[in-house]
Amino acid sequence: MSTCPPNSECRFKPKCWGQAIRSSLSLKLIAIFIGGSIGLAMLLGSLSEYGLKRHFINTVRPLLTHYQHYLAEEVGSPPSIQRAEKLTNEWPLTIRIFDGTQIWASDGRLIEPSQHEREWGEQHDQPQNLDLYWDRGVVFLKQELAEASVYFGLRLRPSGAPWFPLMLIGLVLLGLVGFYLLTRRLFKPIQTIQTGITRIGAGQLDHRIELCRTDELGQLAKEVNKMADDLQQMMQAKRDLLLALSHELKSPLARSRVTLALLEDSPQQQALLDDQLAMQQLIDEIIEAERGHSDHAVSHRESTLINPLVEEVINRFDPKPEIQLALCPVETRVNIDRSQIKRLLRNLLENALRYNRPERGSVKVACETTSENLILTVSDHGIGIDQPHLDRVTEAFYRADPSRERKTGGLGLGLYLCQAVVKAHQGEMHIHSEVGVGTRVQCTIPLNIDS
C-alpha cells in the first residue's frame, strides 16, 4: 500500500493516487460513477444483444432471405456486371462478383468477405438458413449464381467518418470531467468546514465558518459555529471566574501579611510569610495569564532595544546565574511590550535553570534577528520532556511531574504564560526537547507588530 509521506508536496503522483482516492469523496464518487456506468453499459449491451438476436431470428432474417432472392434476380444468372452496377447506383449497396473469368467490386475492394465468427441463431433450428459475411463494417449476403459467388453488402456504420468514435470518446471524457468538477464544487464546502474545525480546535474560538448554504453541509457549519460559541462562552466564564477569585483573594492575603508582620520574628512567622508570598505569586501569575489570553487585553508596545532588555532580565536574578549569552550582532529595535517580554524571558530562564545540569553545560540564551522577525532562544542541558507531555506543557496548570511540588516544577503556569505573551505579540513559540539531552524553547516575534 503506497501512501504519501507526511508534509509532502506531491500532488497527483502515481504512488499517491491510492491515498488520494481513499481520502477524497469526490474521487470516490467518480470511481462509483465510472464503475456503475460500465456495469450498466454491459447489462444494457447484453440485453440489447439478446433482443436484437431474437428480433433478427424472428423478423429480419426472413426479410433478408427474400431480399437476397430479389437482388439475385435483378443481377441475373450468370451475373451481369452492368446490371449490378445499375443496382449500386440506385440503392446504397455494395456488390462483389467472383468467378473464374471476372472479378468485379462496386467499392473497388477485390477481396472476398469472411464469415463472421458468431452466427445469429441456431442455424439448424431455422427453416431459412442465412450466412453472413463481413468486411470493414459491411455485412454481406452470399448468393451462388451460375458458378459465380455474388456478395450483396449493406453498410452498418457510416463510411467516411473515422472521427466519429473519437468524438464519442471525447464526449464521454468531457462528461467525466464535467461530473468531476461538479462533485468538486458540491463538496468544496467540506474543505471550508475542515479548515474551520482545525482552527477552532487549535484554540481560535472566535473563528466562525462562513458558509451560505441551506443543505446538510450548511446545517453542519451552523452546528460547528454553535459549538464554537458554547466553547468560547465556557472559556470566558472560566477566565472571569479565575480573575474574580484572584482579585478577591488579594485583599485577605494583604491583611494577613500585615498581621504576620506585627508578630515577633520566628521560624514559624517566616514560614507563613513564605507561604503567603507563594500564594501571592500564584495569584499574580493567574491574573497575568488570563489577561494575556483575554480578548480585551491591551499591550503597551514601544520601540525597544532588545540587547539591553535581555541583559536586564539576566541581571535581576539573585545570585546572578552562569549563562552563555549570545546577543544580536547588530543592535535592533523591536516594537514590543517591555514588561511582557521581560516576563517571558524570566519564566523561560527560571525553567531552564531549574532543570539544567551544570556539569553538562550552562544555560544558553540566544538573540538574533532576521529581516522580519526577532528570535529568542533559551536552551538547557536538563532532563528533557517526554513526548506525551511535550504537546501539553503549555496548558494552564499542566505539569509533567505529577507530584506537583513547587520546588520540582513550579505551578504549571510558566509556559502557559509564555505562550500567551508570544501570541499577544502575533508570534509563535516552539518547544524542542529530548529526554536526557535537554530542552530548547524558541520564540519568534515579528519586528513590526500590527496594532
Here the qualifying pairs (Cβ atoms under 6 Å; residues six or more apart or on different chains; first in the stretch 317-330 and more than 10 Å from Ala366 (Cα to Cα) and not assigned by TED's automatic domain parsing to the domain that holds Glu359; second part of a loop (DSSP other than H, G, I, E, B) and at pLDDT 90 or above) come out as none
So, first residue modelled with pLDDT of 90 or more in the stretch 72-93, second residue of a type in the set (S, T, N, Q) and part of a helix (DSSP H, G or I), Cβ within less than 6 Å, six or more apart or across chains; the pairs are none
In the stretch 118-157, anything outside any loop (DSSP other than H, G, I, E, B), at pLDDT 80 or above and exposed (fewer than 12 other Cβ atoms within 10 Å of the Cβ) is listed as Glu144
Within the stretch 344-387, the residues that are crowded, with 18+ Cβ neighbours inside 10 Å and either of a type in the set (D, E, K, R) or not assigned by TED's automatic domain parsing to the domain that holds Ile323 (or both) are Lys364, Asp380
All-but-one check, Met234 against (1) more than 48 Å from the chain's Cα centre (by Cα); (2) part of a helix (DSSP H, G or I), failing number (1)
Of Leu242, Leu263, the only residue that is surrounded by 11 or more Cβ atoms within 10 Å (Cβ to Cβ), assigned to a loop (DSSP other than H, G, I, E, B) and either at pLDDT below 80 or aliphatic (A, V, I, L, M) (or both) is Leu263
**Asked** Does Thr332 fit the bill of being surrounded by 12 or more Cβ atoms within 10 Å (Cβ to Cβ), at negative phi and at pLDDT 85 or above?
**Response** no
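The values are calculated or read from the model by the stated rules, or taken from the named source; none is laboratory data. Nothing here was measured: the structure is a model prediction, and the numbers come from that model. Glycine also receives a Cβ, built like all others from the backbone with ideal geometry; neighbour counts cover every protein chain displayed.
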